[in-house]
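Undergrad: This structure is in structure tokens; I'll ask about it shortly.
The values are calculated or read from the model by the stated rules, or taken from the named source; none is laboratory data. Fair warning: this is a prediction, and the values are worked out from it, not measured in the lab. Note that we place each Cβ from the backbone using ideal geometry, even for glycine, and neighbour counts take in every protein chain shown.
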């Protein structure tokens, strides 16, 4: 696998981010937080997030997982980009149903991260699981 050489700016906040941007009218407005080695965020899908009537579109669920995966490394002062992500949707999520996204770094090498994530209902039942390979762009001492 060829590892790209990227020169991305260091940022603390991106108001236009699709996942968490406060200034983006189309943003999902996720508010990730650090919980030990995990990144977590709550997401409640709205009607604008639906696929089948009354249910959340699978692409929206994947986007939530990709975003929380990014935060798992960000909270460890590692900047990265997604190289590969595999998502397994286990059950459909209803519109208006609160979900909790969680992610943690499972393995790290010099240039790659393996990150595991899941999306669960408040009762702990799994909606979706993801595994991801991330290219490390740079580390930071923020």
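Undergrad: Among the listed residues 48, 84, 34, which satisfies the condition of being assigned to a helix (DSSP H, G or I), surrounded by fewer than 20 Cβ atoms within 10 Å (Cβ to Cβ) and either on the phi < 0 side of the Ramachandran plot or under 11 Å from the mean Cα position of the chain (by Cα) (or both)?
TA: Numbers: 84 fails: assigned to a helix (DSSP H, G or I); 34 fails: assigned to a helix (DSSP H, G or I).
None of the others qualify; the one that does is 48.
Undergrad: Continuing with the same structure: Could we say that residue 124 is surrounded by fewer than 18 Cβ atoms within 10 Å (Cβ to Cβ), free of Cβ contacts under 8 Å to residues at least 12 places away in the same chain and either in a strand (DSSP E or B) or on the phi < 0 side of the Ramachandran plot (or both) here?
TA: Spelling it out, it is not the case that residue 124 is surrounded by fewer than 18 Cβ atoms within 10 Å (Cβ to Cβ), free of Cβ contacts under 8 Å to residues at least 12 places away in the same chain and either in a strand (DSSP E or B) or on the phi < 0 side of the Ramachandran plot (or both).
Undergrad: Something else now. Identify the residue in the stretch 52-96 that is at pLDDT 95 or above and touching a helix residue (DSSP H, G or I) at 6+ places or on another chain (Cβ under 7 Å) and, among all such residues, is farthest from residue 108 (Cα to Cα).
TA: The extreme case among them is 95.
Undergrad: Being more than 20 Å from residue 17 (Cβ to Cβ), assigned to a strand (DSSP E or B) and touching a residue at least 60 places away in the same chain (Cβ under 8 Å) narrows it down to one of 133, 105, so name that one. Quick ask: steps written out before the conclusion?
TA: On the way: 133 fails: touching a residue at least 60 places away in the same chain (Cβ under 8 Å).
Selected residue: 105, the only one of 133, 105 that is more than 20 Å from residue 17 (Cβ to Cβ), assigned to a strand (DSSP E or B) and touching a residue at least 60 places away in the same chain (Cβ under 8 Å).
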